[in-house]
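Undergrad: What follows is a single structure, and I will ask about it in a moment.
The values are calculated or read from the model by the stated rules, or taken from the named source; none is laboratory data. Since we're looking at a predicted model, the values are computed, not measured. Don't worry about glycine lacking a Cβ; one is built from the backbone with ideal geometry, like all the others, and counts go over all protein chains shown.
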Amino acid sequence: MSAAAAEKFELNVDADTRVDALLQHPPHALACFVFAHGAGAGMTHAFMQAFADGLAARRIATLRYQFPYMQRGSRRPDAPALAHATVRAACGAAVDRTPDLALFAGGKSFGGRMTSQAQAVAPLAAVKGLIFVGFPLHPPEKPSLDRAAHLADVGVPMLFLQGTRDELAEPTLIADTVKRLGANALLYSVDGADHSFHVLKRSGRSDAEVLATLLDTTAEWIRSQR
């Protein structure tokens, strides 16, 4: 399978719930990242696709999938129990389809938080670490640490990719959160990036350049944890 090739399949969450999933498996892959989407856009969003393509170029496979509410075309995210079950089913599918690859999980914003919550409740099958592409620490303009309480129970290494203009993660709060997690967690901050990792023109960088640094950091971290 080439770097650009992808296999679409149906993921069984439970007896009544099935969602679309997409496995991108480059030649000579080193690991697989189970990559959940954010609250407002599904697995085929341009950012999700670009991130998956970039990881494929760095020999990292990805398994993307829809949460049930997104599959239905709803704007209201699923209850945590159903979201967690979906994460768990996706990780199980990755084990079945990429049995020889080291497995990591996480996602963009909401998807990353649902993954960490699921892992905190009970370990996800074979997952060696979690990757958060913009962890939503709090609602916009409502700084708090309530959403971070479960992270102490995750039990595997974590990588946080965060922009310093992210309105869902005040820089000092996310830095303090990661520091309290100790050696198990690493924060990579992108100066001037917002929650979508957009940067202002005056920064002198493009969104594509920012994405490349996120991908390089992610791939290097995955290799360090294999």
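Each row is one residue, and each column tells you yes or no for (1) of a type outside the set (Phe, Trp, Tyr); (2) at pLDDT below 95; (3) farther than 24 Å from Ser116 by Cβ; (4) under 13 Å from the mean Cα position of the chain (by Cα).
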| residue | (1), (2), (3), (4) |
| --- | --- |
| Val13 | yes, no, no, no |
| Ala21 | yes, no, no, no |
| Phe33 | no, no, no, yes |
| His37 | yes, no, no, yes |
| Thr44 | yes, no, no, no |
| Gly54 | yes, no, no, no |
| Ile60 | yes, no, no, no |
| Tyr65 | no, no, no, yes |
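Undergrad: Do we have Ala46 as in contact (Cβ under 8 Å) with a residue 24 or more places away in the chain, under 19 Å from Ser196 (Cβ atoms) and surrounded by fewer than 19 Cβ atoms within 10 Å (Cβ to Cβ) here?
TA: Taking the combined requirement at face value, the residue does not satisfy it.
Undergrad: If you go through the stretch 188-226 one residue at a time, how many are more than 22 Å from His37 (Cβ to Cβ) and part of a strand (DSSP E or B)?
TA: 1
Undergrad: Which of the residues spanning the stretch 169-211 are under 24 Å from Leu30 (Cβ atoms), surrounded by fewer than 16 Cβ atoms within 10 Å (Cβ to Cβ) and among the small types (Gly, Ala, Ser)?
TA: If the condition is that a residue be under 24 Å from Leu30 (Cβ atoms), surrounded by fewer than 16 Cβ atoms within 10 Å (Cβ to Cβ) and among the small types (Gly, Ala, Ser), then Ala183, Ala208 are the ones that fit.
Undergrad: Being hydroxyl-bearing (Ser, Thr, Tyr) and not in a helix (DSSP H, G or I) narrows it down to one residue among Thr86, Thr62, Thr115; which is it?
TA: Selected residue: Thr62, the only one of Thr86, Thr62, Thr115 that is hydroxyl-bearing (Ser, Thr, Tyr) and not in a helix (DSSP H, G or I).
Undergrad: For the subset of the stretch 126-164 comprising residues that are surrounded by 13 or more Cβ atoms within 10 Å (Cβ to Cβ) and polar (S, T, N, Q), which member is nearest to His84 (Cα to Cα)?
TA: Gln162
Undergrad: A further question on this structure: Could you list, in sequence order, the residues of the stretch 15-48 that are part of a strand (DSSP E or B) and under 18 Å from Val95 (Cβ atoms)?
TA: Hits for the stretch 15-48 are Val19, Ala21, Leu22, Leu23, Gln24, Ala31, Cys32, Phe33, Val34, Phe35, Ala36.
Undergrad: A follow-up question, please. Which residues, counting only those in the stretch 65-83, are of a type outside the set (Phe, Trp, Tyr) and outside any helix (DSSP H, G or I)?
TA: Gln66, Gly73, Ser74, Arg75, Arg76, Pro77, Asp78, Ala79
Undergrad: Take the residues of the stretch 135-169 that are aliphatic (A, V, I, L, M) and over 17 Å from the mean Cα position of the chain (by Cα): which is farthest from His198 (Cα to Cα)?
TA: Within the stretch 135-169, the match that is farthest from His198 (Cα to Cα) is Ala152.
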